[in-house]
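Scroll down for the structure; my scribbles are underneath it.
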Amino acid sequence: MTSVTQTPSCDLTDLQSGALLRVEALVFLLLPSVGPRRRDKRTADWSADSSLRLRLAGGASMAASERIQNDGDIVVEPNTTSSGSQATAPPQRVANGVPSRHSPSPTDDHNAKSKGGGRLSGLLKQSPLGQTLSRLQRRCDYTKISMPEERANRLPNEWWKTGVAFLYAVFNLIFTTVVITIVHERVPDKSFFDYVDRVPWAFTVTETNGLILVGFWLIQWLLLKHKAIIGRRCFFLIGTLYMYRCVTMYITTLPVPGKHMVCAPKLYNDSVGKIWRILRLLSGGGLSITSSHLMCGDFLYSGHTVMLSLAYLFIKEYSPRWMWWYHWFCWLLCASGIVCILVAHEHYSIDVLIAYFATTRIFWWYHTMANTHELRGAPNNYLSRTWWNPVFNFLEGNVQTTVPLVFLSPLALLSSCRQRYRMVEGSRDE
């Protein structure tokens, strides 16, 4: 009983079995004849069996050739089974169907095998079966190389992380007002001698320049495509710098730098009055031009210098290099605002210097690690020893490449906002 099955694997076992059957038939046909040409029933049965097996081997060879040509995955497996009978053992060596009368000597048998094997090897290599097996062997010898799957999105928005960074910045801004209220009670009753004449309107210039720079950066940020990633970077740096400011204000309370400064009276143990001062300071944005900042003690280091420097650094980092005129204009606003702080006698020079140093270094450290991905897992990366490195890994863990400068048109921005508004309205209706 003969059955033909299909297997999806590239297995050469059955094909090699078919090749051996063909070799067996070639041995039967090519060896020289010995003795008279007689056939007995046993030899005839074996010859018929061999013919059947030869046809099956030819079928296997043709199937293998078809597989190579069509580049398919079908392998024909000839399975020959017999029911109710045992396998017939092959007779003695025959020549053209006639049993040999004389058994050869071991030496002759070895020489005949060597010569016959060489002839058969050459014929097998030249035959279609040999070429088919050779090509199939080369095909199955290919090594499969597993390539890592590339992520579909290497710049995920992850707005929830942006929200976490925003809450972090808001918390430290609010905490700053709390610390200002506390250090106001610790200002020594001592004035600072002025060596340079004070310019009353200079501090107004500082706050105006700061509002212009922050406005420029806000518009620029809204037009960026990857605003979620850049936004959480900005919020994290603002929160970290103002947290540092809370520490320096509390541990180093300096006297007022000039007699012109009017400080609100101390409240001592009046907790309710301190809470109202915190709310008033928050409502005016902590600016003098809104008349919300009437407390003293928040000198080391300068918060105005932080916002001026940080706004300029973000504007320059996330804008095209060909906009040099825009960069220079923002730099002039930043530099003139910082100089006016000193001219107005609102801060000591050490306040401005430390604020500039802290802002620029933290900004450069963060963006060096964000834009150089090889540093993140490097054992000799000393920037990873900062306390905020786990926070950095949380915010930047899924950002696999440098953020490109891609801007959206205002119309596209309005369309995106309208689409999100419709989605929110649809979810509410459900």
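Quick notes on this structure:
- q = 0.12, 0.15, 0.17 Å⁻¹, segment 156-424: log10 I(q)/I(0) [Debye, one scatterer per Cα]: -0.82, -1.18, -1.39
- Simple Cβ-charge dipole of segment 156-424, Lys/Arg +1 and Asp/Glu -1, about Cα centre, in debye nearest 20: 740
- Most positive-pole-ward Cα, 338, 177, 163, against dipole of segment 156-424 from beta carbon charges: 163
- Ordering 161-167, 234-240, 272-278 by mean Cβ neighbour count within 10 Å, with the highest value first, yields 234-240, 161-167, 272-278.
- Integer Hz, Karplus 6.51/-1.76/1.60 couplings in order for segment 233-239, x for Gly and Pro: 5, 5, 5, 5, 5, 4, x
- Remark: the residue 170-residue 408 segment gains 83.0 nm on full extension, using 0.36 nm per residue and subtracting the alpha carbon distance.
- Once the 1.4 Å probe is applied to the protein heavy atoms, segment 324-430 comes out at 62 Å² accessible per residue.
- Only lysine pairs 8 or more places apart or on separate chains count here, and in segment 156-424 those with Cα atoms under 20 Å apart total 7.
- 3J(HN,Hα) along segment 390-401, derived from phi through the Karplus expression 6.51 cos²θ - 1.76 cosθ + 1.60 where θ = phi - 60°, amounts to x, 5, 4, 5, 5, 6, 10, x, 9, 8, 9, 8 Hz, with x in place of Gly and Pro.
- Table column - 3J(HN,Hα) (Hz), segment 364-378, Karplus curve with 6.51, -1.76, 1.60, x for Gly and Pro: 5, 4, 4, 6, 5, 6, 6, 9, 10, 6, 5, 6, 5, x, 6
- Under 5 Å between amide hydrogens, built in the peptide plane, is the criterion, and for residue 224 it picks out 408 among residues at least 5 positions away or on other chains.
- Segment 180-304: C-alpha pair distances exceeding 20 Å, %: 56
- Amide proton proximity set for residue 296, modelled H, under 5 Å, gap of 5+: 264
The values are calculated or read from the model by the stated rules, or taken from the named source; none is laboratory data. This is a predicted model, so every value here is computed, not measured. Note: ideal-geometry Cβ built from the backbone for every residue, glycine included; neighbour counts use all protein chains shown. The accessibility values were calculated without ligands, DNA or RNA, using every heavy atom of the protein model including side chains. Shrake-Rupley method; radii C 1.70, N 1.55, O 1.52, S 1.80 Å.
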